[in-house]
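The values are calculated or read from the model by the stated rules, or taken from the named source; none is laboratory data. Since the model is a prediction, treat every value here as computed from it, not as a measurement. Every residue, glycine among them, receives a Cβ derived from its backbone with ideal geometry; neighbour counts consider all protein chains shown. These accessible areas exclude ligands, DNA and RNA; they are computed on the full protein's heavy atoms, side chains included. Shrake-Rupley method; radii C 1.70, N 1.55, O 1.52, S 1.80 Å.
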Amino acid sequence: MAQPVAESDEELIELIQVLAAYSGLSSRPFDTANPQLDLRLPDGSRLSAVMDVALRPAISIRRARMGKVFLADLVGNATISPDVAAFLAAAVAARKNIMIAGATNAGKTTLLRALANQIPAEERLITVERALELGLDHFPELHPNVVAFEERLPNMEGHGAIPLAGLVRRSLRMNPSRVIVGEVLGDEIVTMLNAMSQGNDGSLSTIHANSSLEVFNRISTYAIQAQERLPVEATHMLIAGAIDFVVFIEKRNDYARGGRLHRFVNSVREVTGVDGRVLSSEVFAPGPDGHAVPHAPVSCIGDLMQYGYDPSAGRWA
């Protein structure tokens, strides 16, 4: 066990408050009125802290092991197969809109970084996040033109807040080549889908879900709760016009080997249309070991082949 970082709960809270004041684009409160905090530390790790909802303040830090990550790295650690890597590389090059889904700590952000690193350096990227964690702007040799937006919380008087949905709308006025939304958790989904369907092709985002198919119901739930109050039928039409592929990452604990965590892509679903509900085809489905293997024809295969995808080779052509 490591040595404690604070001698008391009060000192721990003060330490977190200092981090919250200087680690983001704007100061974030951590007190009895704001007992929850999420932020990105300077080394890229993600901090989550709570107080007054447990007997003692609690903090967790998820370390970012792969800041600069590429699809080849994920092939090397068996997160994706060469087949899936070749497919995703072509999908990004063909400017397909991709939603990455999975459970908490499944590796969604890592895969999002890897996909973003397939984007040509000359493109202008706008990233929108609740708390900065993607860090694409930290690698100017890969992405020299990045504007990173972070949600702004209200001040002590309750003014000055800029929610994620507002930042997504603002990003469309910043002449982006692509808009990347770090994580969809609420009513910003409607604004993001509208952006995807209005010419901002090649957008990327992540969402919490338990399967690639469940993503559509999760989006519908968020849309119903949004200010627009979209009915399910309208939401499904919006999804069909905005999202091209859903990539699902499975997370499994191998308790027989000391609880080792395995993360791997086990499904890729192509959105093919709408008929009262979203129509989709699982172009990569779970194989015998759970890892995604080719399963169904890809409707837009011609688009992908223009960017080097060879479905018979499972590699970059």
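A few remarks follow.
- Calculated from backbone phi, Karplus (6.51, -1.76, 1.60) coupling profile of the range 304-309 in Hz, x at Gly/Pro: 5, 5, 5, 10, x, 7
- The accessible surface of the range 227-284, taken with every protein chain in place and a 1.4 Å probe, is 44 percent carbon and sulfur.
- Working note: Karplus 6.51/-1.76/1.60 with θ = phi - 60° gives the range 73-84 the couplings 5, 6, 5, x, 9, 6, 6, 9, 8, x, 4, 5 Hz, where Gly and Pro are set to x.
- Using every pair of separate Cα atoms, the Kirkwood estimate puts the hydrodynamic radius of the range 85-184 at 14.5 angstrom.
- Local electrostatic count, residue 53, Cβ distance below 14 Å [Lys/Arg +1, Asp/Glu -1]: -2
- The chain: calculated mean residue ellipticity at 222 nm from DSSP helix runs of at least 4, using -39500 (n - 2.57): -8000 deg cm²/dmol
- Converting phi to 3J(HN,Hα) with the Karplus coefficients 6.51, -1.76 and 1.60 and the offset θ = phi - 60°, the range 161-168 yields 5, 10, x, 4, 4, x, 5, 4 Hz in sequence order, with x at every glycine or proline.
- Rolling a 1.4 Å probe over the protein heavy atoms gives the chain an accessible area of 49 Å² per residue.
- For residue 37, the residues whose modelled amide H falls within less than 5 Å of its own, excluding neighbours fewer than 5 places apart on the same chain, are 49.
- For the range 1-57 and the range 164-210, distance of Cα centres in Å: 28
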